[in-house]
Amino acid sequence: MNTVATAARKKTKIDPISRVEKRRLAEADTRERVTLSFYRYVRIADPEAFRERLVDKWSQLDCMGRIYVASEGINAQMNVPKENWDKFDAWVKSQPELRGVPYKIAVEEGEGPSFIKLAVKVRDKIVADGLDDSSFDVTNVGEYLTAAEMNDYVDDPDAVVVDMRNNYESEVGHFESAITPDVETFRDELKVTPETLRIHKNKKIALYCTGGIRCEKASAWLKHNGFENVKHLKGGIIDYARQVKQEGLENKFKGKNFVFDERLGERVGSEIISTCHLCRKEKSDTHYHCENQICHRLFLGCPGCIEKRGSYCSRACNLISLVPQKHKKTVARLYNEHIRKRRPFKKVRMS
Ligand SMILES: [Zn+2]
Ligand SMILES: [Zn+2]
């Protein structure tokens with residue numbers, strides 16, 4: 001995840017094929033799809049070559065998604081046409097780096113496609129955590145918790161449950177009684193958590209995130225910072241939801257699980273725990289990306305506000321959208337220089 005400052009410095013690119021067009025193309029493919037995510041910390045000798053292999057095979061199978069590859073491993077969020085699932089699964093099993101990797105399958109598909117293109121990117125790390133991995137033992141991770149064990153932690157006064165995600169994720173859903181740090185990035189989360197938890201040092205600590213990947217690093221980091229009793233939810237909220245359904249457990253996760261794809265959320269608990277960012281009155285946990293492509297900010301909108309104002313995060317954005325195409329570049333520059341800097345920028349990316 002980039003810091004707010006870096007995000008502000010980034011130039012807004014105007015894609016040759018617009019998002020709207022990409023979405024239209026993706027929607028034209030009406031095949032049923034399976035949305036899944038997986039990650040693995042594994043030594044990848046040549047990330048570029050590995051990337052090529054993934055792109056070759058997965059574009060043949062019409063997969064879409066966002067996949068990060070680094071010499072430390074792979075982090076994938078993607079979908080696969082149901083009819084190609086067996087081929088996809090067999091191929092994954094045939095790859096030494098991926099063999100046996102546990103999939104987390106989405107509990108619900110959205111109305112539209114979960115991804116609108118296939119993007120495989122080589123990065124320094126599969127999750128941007130801002131840590132120097134050589135300064136602590138990254139393999140000293142916490143033990144895993146099952147969904148049933150997590151429920152015990154939620155009820156246990158001698159335990160603390162910590163949400164390792166960003167504020168815009170925990171805003172729409174979190175475990176009952178969880179600590180939800182007010183941070184915009186995982187880097188910041190790792191900076192504040194040891195201090196936040198200091199007073200709970202002797203308690204049992206349970207960490208959770210979307211699919212489990214962030215907790216692998218966070219649990220090792222907390223142990224390095226002197227916390228003895230750190231465990232984390234295996235497979236994250238995605239797999240918690242599956243286990244709850246499958247095993248008929250009580251659901252202690254309230255609201256929605258924010259996900260990093262076009263769906264932006266999977267309902268886990270039936271209640272809505274957040275409020276519309278536009279009117280600040282009505283309950284809403286439906287995220288929108290600001291329709292002004294220069295802004296593209298993430299916000300929560302209630303049906304009334306969206307109907308009245310369109311999917312714009314502000315009046316300024318609504319006005320910008322009316323500017324003729326030939327002036328858009330100038331407006332984008334002015335927007336980045338004057339408006340974005342002053343307003344927190346929520347970046348919907350895990351790394
Ligand atoms: Zn509203
Ligand atoms: Zn906007």
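The values are calculated or read from the model by the stated rules, or taken from the named source; none is laboratory data. It should be emphasised that the depicted structure is a prediction, and the values quoted were computed from it without experimental measurement. Quick reminder, even Gly has a Cβ in these numbers, built from the backbone with ideal geometry, and neighbours come from all protein chains shown.
Please state which one of Ala45, Ala76, Ala49 is crowded, with 23+ Cβ neighbours inside 10 Å and of a type in the set (Gly, Ala, Ser).
Ala76
Between residues in segment 58-77 that are assigned by TED's automatic domain parsing to the domain that holds Tyr103 and of a type in the set (Ser, Thr, Tyr) and residues that are crowded, with 19+ Cβ neighbours inside 10 Å and assigned to a strand (DSSP E or B), which pairs lie under 9 Å by C-beta distance while being six or more apart or on different chains?
Close Cβ pairs (under 9 Å, with a partner that is crowded, with 19+ Cβ neighbours inside 10 Å and assigned to a strand (DSSP E or B)) amount to Tyr68/Tyr39; Tyr68/Ile74; Tyr68/Asn75; Tyr68/Ala76; Tyr68/Val120.
Of everything in segment 222-240, what is outside any loop (DSSP other than H, G, I, E, B) and under 21 Å from the mean Cα position of the chain (by Cα)? Give them in sequence order.
Lys231, His232, Leu233, Gly236, Ile237, Ile238, Asp239, Tyr240
Just the residues that are away from ligand 2 (no atom under 13 Å from the Cβ) and hydrophobic (A, V, I, L, M, F, W, C), please, taken from segment 279-299.
Answer for segment 279-299, where residues must be away from ligand 2 (no atom under 13 Å from the Cβ) and hydrophobic (A, V, I, L, M, F, W, C): just Cys279.
Would you be able to tell me the number of residues in segment 184-205 that are over 19 Å from His232 (Cβ atoms), outside any helix (DSSP H, G or I) and more than 19 Å from the chain's Cα centre (by Cα)?
Result for segment 184-205: 0.
Got a number for residues in segment 265-278 being more than 16 Å from ligand 2 (Cβ to nearest atom), of a type in the set (A, V, I, L, M, F, W, C) and buried (at least 18 other Cβ atoms within 10 Å of the Cβ)?
Our first condition is that a residue be more than 16 Å from ligand 2 (Cβ to nearest atom); within segment 265-278, this holds for 265-275.
After this cut, where a residue has to be of a type in the set (A, V, I, L, M, F, W, C) as well, the list is 268, 272-273.
Subset that is buried (at least 18 other Cβ atoms within 10 Å of the Cβ): 268, 272.
The number of residues fulfilling the criteria is 2.
Taking the condition of being of a type in the set (Lys, Arg), outside any loop (DSSP other than H, G, I, E, B) and within 11 Å of ligand 1 (Cβ to nearest atom), how many residues in segment 266-286 meet it?
1
Rundown of residues vs (1) over 17 Å from Ile126 (Cβ atoms); (2) out of contact with any strand residue (DSSP E or B) (no Cβ under 6 Å at 6 or more places or on another chain); (3) of a type in the set (Ser, Thr, Tyr), yes/no style:
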| residue | (1), (2), (3) |
| --- | --- |
| Arg165 | no, yes, no |
| Ile179 | yes, no, no |
| Arg198 | yes, yes, no |
| Ile205 | yes, no, no |
| Thr210 | no, yes, yes |
| Arg214 | no, yes, no |
| Gly226 | yes, yes, no |
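Residue under question is Asp133, and the condition is that it be within 23 Å of Ala218 (Cα to Cα), buried (at least 17 other Cβ atoms within 10 Å of the Cβ) and acidic (Asp, Glu); does it hold?
Taking the combined requirement at face value, the residue does not satisfy it.
Taking Ile17 and the conditions (1) of a type outside the set (Gly, Ala, Ser); (2) modelled with pLDDT of 85 or more; (3) surrounded by fewer than 16 Cβ atoms within 10 Å (Cβ to Cβ), which numbered condition does it fall short on, given that it satisfies the others?
(2)
May I ask you to say which residue of Arg99, Arg123, Arg165 is surrounded by fewer than 15 Cβ atoms within 10 Å (Cβ to Cβ) and in contact with a helix residue (DSSP H, G or I) (Cβ under 9 Å, 6 or more places away or on another chain)? Explain how you work it out, then say what you get.
Working: Arg123 fails: surrounded by fewer than 15 Cβ atoms within 10 Å (Cβ to Cβ); Arg165 fails: surrounded by fewer than 15 Cβ atoms within 10 Å (Cβ to Cβ).
Answer to the check: Arg99.
I'd like to verify a number: residues in segment 184-206 that are in contact with a Lys or Arg (Cβ under 9 Å, 6 or more places away or on another chain) and within 13 Å of Asn166 (Cα to Cα), how many? Can you show your working first?
Narrowing segment 184-206 to residues in contact with a Lys or Arg (Cβ under 9 Å, 6 or more places away or on another chain): 184-186, 189-190, 197, 204-206.
Narrowing the set further to residues that are within 13 Å of Asn166 (Cα to Cα) leaves 184-186, 189-190.
Looking only at that region, the number is 5.
Scan segment 287-343 for residues that are assigned to a helix (DSSP H, G or I), modelled with pLDDT under 90 and either small (Gly, Ala, Ser) or in contact with a Gly (Cβ under 7 Å, 6 or more places away or on another chain) (or both) and jot them down.
Ala316, Asn318, Ala332
Just need a number here: residues in segment 289-310 that are more than 12 Å from ligand 1 (Cβ to nearest atom) and small (Gly, Ala, Ser).
Within segment 289-310, residues that are more than 12 Å from ligand 1 (Cβ to nearest atom) and small (Gly, Ala, Ser) number 1.
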